[in-house]
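Asks: For reference, the structure I am asking about is given below.
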Amino acid sequence: MKKYILILTLLGLTSCSTAQAIIPIENEKGFQEQDGITYYYKDVNGELAKFTGTWKYETATEIFEITFYLKIKKDNGSSYEDQLLSKFKYIQNGVEIYNTYQEIDPLNFFGGFFVQPNNTNKINLSYHEPNVVYKSRRKRLNLEYIPATGIGQSPTVLWKRDVWQGSPAPPPYQVPKIMTLVKQ
């Protein structure tokens, strides 16, 4: 019995030997990590909550609907991070181009960092569309949250997709590059 208690105690101490640090997610960009510490970029101030929920863009020929949800403590291999994940559908001229609402764990627009720690209304995410193979890792989605300014108004998000300079020819994306989404 003493042997089992000793083994359990040693296992417990071994699992606690790695130092851990919680960093507010808005301070992630540019943060200098140190070896031997596991970092958790946590949404301690609830800054990602304003982006969660369903948003919609609609014109005479296009409908884009996206639902952002929060993934708590996603394992990134060497660190952890609270992340925005999404599911969406895009309809053009009455034809459904994409619908990821049935997918179990789509990685279309995810992760990200706040562009400026003192302005948590702007976030930069990774950008992917289903079935589009594009070699550049420099595909980004910039979102800017704009709160409602009056009674009966809904908040909006300005959406801007970006492929950084130096990337090969533009990818064959279907979703509009620039949109204003309205909270549903």
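The values are calculated or read from the model by the stated rules, or taken from the named source; none is laboratory data. The structure displayed is predicted, hence computed values, not measured ones. Here Cβ is always computed from backbone atoms with ideal geometry, including for glycine, and neighbour counts include all displayed protein chains.
Asks: Is it the case that segment 73-80 has a residue that's under 24 Å from the mean Cα position of the chain (by Cα), surrounded by 13 or more Cβ atoms within 10 Å (Cβ to Cβ), small (Gly, Ala, Ser) and modelled with pLDDT of 90 or more?
Replies: No, because not a single residue in segment 73-80 is under 24 Å from the mean Cα position of the chain (by Cα), surrounded by 13 or more Cβ atoms within 10 Å (Cβ to Cβ), small (Gly, Ala, Ser) and modelled with pLDDT of 90 or more.
Asks: Report every pair of residues separated by at least 6 positions or lying on different chains whose Cβ atoms are under 7 Å apart, first residue within segment 142-168 and closer than 14 Å to residue 178 by Cβ, second modelled with pLDDT under 90 and exposed (fewer than 11 other Cβ atoms within 10 Å of the Cβ).
Replies: Between residues of segment 142-168 that are closer than 14 Å to residue 178 by Cβ and residues that are modelled with pLDDT under 90 and exposed (fewer than 11 other Cβ atoms within 10 Å of the Cβ), the close pairs are 163/170.
Asks: Select from segment 35-72 the residues that are farther than 27 Å from residue 147 by Cβ and modelled with pLDDT under 95 and list them in ascending order. Please lay out each step first, then the result.
Replies: So in segment 35-72, the residues farther than 27 Å from residue 147 by Cβ come out as 35-40, 60-61.
35, 36, 37, 38, 39, 40, listed by residue number.
Asks: Ok, one more. Kindly provide the set of residues from segment 130-184 that are of a type in the set (Gly, Ala, Ser) and at pLDDT 85 or above, ordered by number.
Replies: Taking segment 130-184 as the starting set, the residues that turn out to be of a type in the set (Gly, Ala, Ser) are 136, 148, 150, 152, 154, 166-167, 169.
Scanning segment 130-184 gives 148, 150, 152, 154.
Asks: Name the residues in segment 20-66 that are in a strand (DSSP E or B) and of a type in the set (Phe, Trp, Tyr), would you?
Replies: The answer is 39, 40, 41, 55, 57, 64.
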